[in-house]
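**Q** Pasting in a structure now, in structure tokens, and then I'll have a few things to ask.
Coordinate-derived values only; no laboratory data. Here the structure is a predicted model, which is why all the values come from computation and not from measurement. Here the Cβ positions follow ideal geometry from the backbone for every residue, glycine too, while neighbour counts run over all protein chains shown.
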Amino acid sequence: MARKLLLDKIGIEGIRYYDVYRKNGGYASVEKVLKTMSPDDVTKEVKKSGLRGRGGAGFPTGLKWSFLAKPAGVPRYLVCNADESEPGTFKDRFLMEFIPHLLIEGLIVSSYATGSNRTYIYIRGEFGWIVEILEQAIAEANNNGWLGKNILGSGFDCEIFVHPGAGAYICGEETALLESLEGKRGNPRIKPPFPAVKGLYGCPTVVNNVETLATVVPIISMGGDEYAKIGIGKSAGTKLISACGNINKPGVYEIEMNISVEEFLYSDEYCGGIANGKRLKACVPGGSSVPILPANLLLKTAKGETRMMTYESLSDGGFQTGSMLGSGGFIVYDEDQCIVRNTYSFARFYRHESCGQCSPCREGTLWLTKILYDIEYGKGKMKDIDLLWHVQGNIEGNTICPLGDAAAWPVAAAIRHFRDEFEWHITNPEEAQRRNYGLAHYADTLQAEV
Amino acid sequence: MIKFSEQKLKEIEQIISHYPEGKQKSALLPVLHIAQQEFGGWLSVETMDYVATVLNLLPIEVYEVATFYSMYNLKPVGRYIFEVCQTGPCITKGSDNIIKYIEEKLGIKPGETTADGLFTLKTVECLGACGYAPMMQLGKSYREHLTKEKVNAIIEECRMNAEKNN
Ligand SMILES: Cc1cc2nc3c(=O)[nH]c(=O)nc-3n(C[C@H](O)[C@H](O)[C@H](O)COP(=O)(O)O)c2cc1C
Ligand code: SF4
Ligand code: FES
């Protein structure tokens, strides 16, 4: 069994509640930092751990904290990003639902490190029942002296509030999130200034993902150096992966970042292989925004090396033959799935979620959706494929926030790897309404050999 | 004239206190959720104007926000809203068929409400439940691993609840 640092206690009955959580060693990291460490010590420890943001971009967390401006007399804010809306991603929800105190504990320690006396959890509005779970956990932590004024006699004050969004993927982007938290439309801000200098209410702010902040707890208890030893190189530690699609065991798994994609996909400890005896066609390994990989590039890189579940290995080959670890949303497609339909659904998603501020994103996502709709529903023309390529290329890099890129990449990757399937849809419009293209030459090499 | 109950006004006071002095605009999203729940499941202009007075905002500040976020209904809706996810991961698990089945069962298309005012069908984008697909949101809860049988049971459940509460 692999080592678990976040979900190690998930099987304990009642771990959702304070008493059980505390009895099993909960809140020890708060005691440790408030009694024996300075805020800078905590940041140093997180830096040493090599922890990278788990929200998708993988930016080093300790470094981010150290950028925080500290002008005298100005409050600083820590905001937890629990917007979790990237298709394929449902890991933060799992953590908040089943072990909410781990997040609260991580938030208290991280608030201390960043000097935040008022910390917000911005959670997607659809997770209504999780709002209640978190509010209960916060009340329990309050009643037991872990929050409030002068916590453990340290002189540190901290309150945590849950703030529900109202349905907008773009509010996961950190500056849109801050706008939304201020009661406005979720329009991303132009950077700079970065939130570390001018964030919530114009004050220095750190925004971190749920999993990132929860991971601070094991880092403090084991020490940054120990944590850094787990995983491979710059992919330090453990990572939550939410696995879905046509696999035997969809769910949320904590992996050490030193296992292969093959092990993750086929071993019974994790996904348990492709469901219903089907063969693997493709995989989106890091949430809908990252490039799709055909089976023959998933388990091995183009160089023939074993592909690992790490930031570096999943992106090996760049966008030509690689992808990204992203948010850890691992979506698996079997031979019966239609790549055109999937690409259309993602385009429609980004079209729906574009905030509309930049014309390349607003218009581009509309065009991608329209063209893909035509191809999917039997009205496509051969030149549409090049048009798609052209439109996605005009979005990428020309927008205020990365949503534009996130809309362009899945289309580019689908055409790059599955062009023949698009062509087949266009040349066989009627047949394409009745059946799927199947595997063509993307056969699952692993299974084919058996 | 609509008005929040004393209890709701207290709840709103509480929410405003979560934000620094003078930043009560931050309470807008949570207060709109409460308003929608209290005043018929959607946000009429009257409701939005009322929220503006409660939070001391301009009406336009409220309209801007209400029209941006997908959870706010700007038109009347049925008592039970089936918000079925239609994004890629759910498609791999047959959400297309579930949507079609609900359309047939209720005799409505996405965006429509049944004549008795009980059900509205909405197709929505990923709700963060991809591993438990196909799925839909119903009020504050998620209904996951949907099958035709489960859909039937949910419809029955809603009908029974509606009768009980009438
Ligand atoms: C369109 C878009 C959506 C995003 N959605 C999320 C999200 O739901 N959750 C999240 O943690 N980060 C999301 N991010 C990344 C955040 O902008 C930010 O990088 C992250 O919260 C930082 O936390 P981390 O360093 O701990 O990962 C999103 C980014 C973009 C561009
Ligand atoms: S890229 Fe799209 S989502 Fe991002 S700011 Fe521009 S229009 Fe809005
Ligand atoms: S795709 Fe349906 S819940 Fe994520």
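**Q** Excluding residues fewer than 8 places away in the same chain, name every one of the aspartates and glutamates whose C-alpha is closer than 19 Å to that of A:Lys381.
**A** A:Asp420, A:Glu421, A:Glu423, A:Glu430, A:Glu431
**Q** Does anyone have the angle between helix B:148-164 and the longest principal axis of chain B? Alpha-carbon axes, 0 to 90°, nearest 10?
**A** 50 degrees
**Q** Straight-line reach from A:Lys44: which lysines have Cα under 20 Å away, leaving out those fewer than 8 places along the same chain?
**A** A:Lys32, A:Lys35, A:Lys64, A:Lys70, A:Lys229, A:Lys234
**Q** Could you tell me the calculated FRET efficiency between A:Asp420 and A:Ile10, based on Cβ-Cβ distance and R0 = 30 angstrom, to the nearest 0.05?
**A** Numbers: r = 43 Å, r/R0 = 1.45.
E(calc), rounded to 0.05, equals 0.10.
**Q** Most fluctuating residue of B:Lys109, B:Lys150, B:Lys140 in a GNM of chain B with Cα springs under 10 Å: which is it?
**A** B:Lys140
**Q** Right, here's the next one. Which cross-chain or sequence-distant (5 or more) residues have an amide H under 5 Å from the amide H of A:Phe161, H modelled 1.01 Å from N in plane?
**A** A:Thr119, A:Tyr120, A:Ile121
**Q** May I ask you to derive the relative contact order of the range A:334-450, considering only C-alpha pairs under 8 Å and at least 6 residues apart, and to give it as an integer percent? Working shown, then result.
**A** On the way: 131 pairs, mean separation 38.9, N = 117.
Computed over the range A:334-450, the figure is 33 percent.
**Q** Okay, moving on. Relative to the longest principal Cα axis of chain B, at what angle does helix B:6-16 sit, 0 to 90 degrees, rounded to 10?
**A** Around 80 degrees separate the two axes.
**Q** Now for a different question. Which value in nm describes the separation of the simple spin-label points at A:Lys35 and A:Arg3, placed 7 Å from the Cα toward the beta carbon?
**A** Each label point lies 7 Å from its Cα, and together they span 2.5 nm.
**Q** Right, another one. Using Cα pairs under 8 angstrom and six or more residues apart, how large is the relative contact order of chain B, in percent?
**A** 17 percent
**Q** Amide H to amide H, which residues 5 or more places from A:Asp334 or on other chains are under 5 Å from it, using H placed in the peptide plane?
**A** A:Asn246, A:Lys281
**Q** Additional query: When only Cα pairs under 8 Å and 6 or more residues apart are kept, what is the percent relative contact order across chain A?
**A** Taking the mean separation of contacting Cα pairs over the length of chain A, I get 16 percent.
**Q** Between A:Asn144 and A:Glu182, how many nm apart are label points set 7 Å from Cα along the C-beta direction?
**A** 3.7 nm
**Q** So what's the angle, to the nearest 10 degrees on a 0 to 90 scale, between helix A:128-143 and the longest Cα principal axis of chain A?
**A** With both axes taken from Cα atoms, the answer is about 20 degrees.
**Q** Need one number: the % of Cα-Cα pairs in the range A:232-334 sitting beyond the 23 Å mark.
**A** Pairs farther apart than 23 Å: 14 percent.
**Q** Further, regarding this structure: Using modelled backbone amide H atoms (1.01 Å from N, in-plane), which distant-in-sequence or interchain residues come within less than 5 Å of A:Arg189's amide H?
**A** HN-HN under 5 Å from A:Arg189: A:Thr175, A:Ala176.
**Q** Can you work out the Karplus-derived ³J(HN,Hα) for every residue in the range A:64-69? Use 6.51 cos²θ - 1.76 cosθ + 1.60 with θ = phi - 60°, whole Hz, and x for glycine or proline.
**A** Taking θ as phi minus 60°, the curve returns 4, 5, 6, 7, 4, 6 Hz for the range A:64-69.
**Q** At what distance in angstrom do the alpha carbon centres of the range A:175-229 and the range A:22-97 lie from each other?
**A** 8 Å
**Q** I've got another one for you. What spacing in nm lies between the two simple spin-label points modelled at A:Ala302 and A:Ile232, each 7 Å away from Cα in the Cβ direction?
**A** 1.9 nm
**Q** Given only helices, namely DSSP H runs of n ≥ 4 each adding -39500 (n - 2.57), what is the per-residue ellipticity at 222 nm of chain A, to the nearest 500 deg cm²/dmol?
**A** The helix contribution divided over chain A gives -13000 deg cm²/dmol.
**Q** Follow-up. Among A:Pro192, A:Pro429, A:Pro39, which one moves the most in a GNM of chain A with springs linking Cα atoms closer than 10 Å?
**A** A:Pro192
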